[in-house]
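Input: a single structure, listed below in structure tokens.
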Amino acid sequence: MQYKNDTIIIREFTPKEFPLFSTLFENENVTRYLPYKTPDEYKEMFEKALSDYKDGPFSRWGIFNTQNNDFVGMCLARIFLDNPDQLEIGYTLSDNYWGKGLGTEVCKALVDYCLSLNHQKDIVAVTDLDNIGSQKVLLNNNFKRIENLKREDKELAYFVLQK
């Protein structure tokens with residue numbers, strides 16, 4: 001995925017950008033709503049993203065500030081693990097970029113990307129039940145909240161894009 005507007009660039013990570021990726025997940029504000037992962041698991045996640053670029057079309061990508069190339073966060077599009085008939089999008093932004101409308105821009109870019117693949121699958125997203133900010137972003141992008149998704153250890157807010 002390659003995307004650029006006046007505010008953000010979404011692109012593949014380079015192998016040397018792992019420190020940016022891992023630092024994002026060292027911030028407790030950022031990880032508050034995410035499942036716990038060890039540093040080794042984040043390293044594996046990053047390595048998988050790099051290998052996914054060759055296999056396409058799904059992966060994790062870096063989000064950068066168009067003005068100064070500052071690292072904003074990461075986003076993903078993938079086959080939804082809970083339902084292979086759906087595509088899942090997700091994003092994690094550095095807390096100094098919260099509340100600036102970037103989540104909405106990233107969400108829209110991910111939806112456009114998924115639609116361009118012509119998979120004819122519903123596009124979904126899940127959030128922690130308490131992650132109101134992310135839920136507002138999804139609602140602003142025409143997602144509709146449906147019944148919560150139940151996983152073995154937790155419930156998540158479950159959103160599907162209204163077609």
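Throughout, read-outs are computed from the coordinates displayed, never taken from laboratory work. Model, not experiment: these values are computed from the prediction. Counting neighbours? That spans all protein chains shown, and the Cβs are built from the backbone with ideal geometry, glycine included.
The range 104-163 and the range 37-60 have Cα centres separated by 21 Å. According to the Kirkwood relation over distinct C-alpha pairs, the hydrodynamic radius of the range 1-87 is 13.9 Å.
For residue 54, the aspartates and glutamates whose Cα comes closer than 17 Å to its Cα, not counting residues fewer than 8 places off in the same chain, are 12, 44. Let's test the formula: R0 of 45 Å, r as the Cβ-Cβ distance of residue 66 and residue 129. What FRET efficiency results, to the nearest 0.05? In this case the efficiency is close to 0.85. Apply the Kirkwood formula to the range 98-163: the hydrodynamic radius equals the inverse of the mean of 1/r over all pairs of different alpha-carbon atoms; give it in Å with one decimal. Computed over the range 98-163, the radius equals 12.5 Å. Rg over Rh for the chain works out to 0.93, using Cα positions for both radii and the Kirkwood form for Rh.
The charge dipole of the chain, taken about its Cα centre with unit charges on the Cβ atoms of Lys, Arg (+1), Asp and Glu (-1) only, comes to about 440 debye. Output needed: percent of Cα pairs per 5 Å distance bin for the range 60-115, bins running from 0 to the one holding the longest distance. The calculated distribution, bin by bin, is 4, 19, 28, 23, 13, 8, 4, 1. What pairs from 121/163; 4/100; 43/108; 100/121 go past 22 Å between their alpha carbons? Correct reply: 43/108; 100/121.
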